[in-house]
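Down below is the structure, laid out as structure tokens.
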Amino acid sequence: MIIFVGMEEDEYLGQYEKRLQDDLVKRCTDAGMMGGTLLESDDIECKFTDALARPYLTDAIREYQQYPEASVAWAGFLGMAVAKIWDADWQSYQQLAYADLLGPRGFDDMDERILTQVLGYELDSEPARRICDILSKCAVAALTMIRHEEIEPASPRAYYVFARTVQVLYRIGASIALFLLGYKLERL
């Protein structure tokens, strides 16, 4: 996501994003949900920045006060869905809109819709439980990191840190999906 801020603020946000991403990659690797490296694709990243970030952030910010963990974790589910669709059907991937991933109750059950209808898991299956568990742990870790930043609530910095946090969770979810699909990085 491209957000224009001052150079000093951009440096701070970049460092925050890197610390968070490194921490979450380690957590996911330790849980057996990644292979030690963030798996990425420009296509998947661009889908977020070009089409999904704005509507997702609108919903997530609205839900943050009552459901902070969900407002962060659901970005991971979103990343998983995009990666799965990208891998399975390029044509569908190109047409994918945020509304296509919402559940019957909208944002509230987007996680369940993605788990069952996009990823193909039963809600009570072991893979679904593992995915929910790791994304929940990542969201809690991210929220803890936000709190440790001691940012003034409702400030511009708070918004930018939240937006970067959501983007990292999206990347983490996409990387988990790619890892589960068998993708890996190999040195040439």
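Give me Met34, Met80, Met145 sorted ascending by neighbouring Cβ count inside 10 Å, so fewest comes first.
Met145, Met34, Met80
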- Item | Value of relative contact order over segment 27-180, rounded to a whole percent, pairs C-alpha under 8 Å and six or more apart | 41 percent
- Query: Going by how many other beta carbons lie within 10 Å of each one, how would you line up Ile134, Ile146, Ile114, fewest first?
  - Reply: Ile146, Ile134, Ile114
- Most exposed first by the Cβ proxy, i.e. fewest other Cβ within 10 Å, how do Arg113, Arg129, Arg171 rank? Arg129, Arg113, Arg171
- Message: What's the magnitude of the charge dipole for the chain around its Cα centre, counting Lys and Arg as +1 and Asp and Glu as -1 at the beta-carbon? Answer in Debye, nearest 20.
- Response: 220 debye
- Placing +1 at every Lys and Arg Cβ and -1 at every Asp and Glu Cβ, with all other atoms neutral, what dipole size does segment 95-176 have around its Cα centre, in debye to the nearest 20? 300 debye
- Task: Two decimals is fine: what is log10 I(q)/I(0) at q = 0.16, 0.20, 0.21 Å⁻¹ for segment 27-180, from a Debye sum with one equal scatterer on every Cα and no solvent?
- Result: -0.84, -1.34, -1.47
- Quickly estimate the mean residue ellipticity at 222 nm for the chain, helices only: each DSSP H run with n ≥ 4 gives -39500 (n - 2.57), and the total goes over all residues, rounded to 500. -21000 deg cm²/dmol
- Note on the structure: Of the candidates Cys132, Ser71, Thr116, the farthest towards the positive dipole end of segment 61-158 (Lys/Arg Cβ +1, Asp/Glu Cβ -1, centred on the Cα centre) is Ser71
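Laboratory data are not the source of any read-out in this text; all were calculated from the coordinates shown. The model shown is predicted, which means the values in this text are computed figures rather than measured ones. Neighbour counts are summed over all protein chains in view; Cβ atoms, including those assigned to glycine, are modelled from backbone coordinates with ideal geometry.
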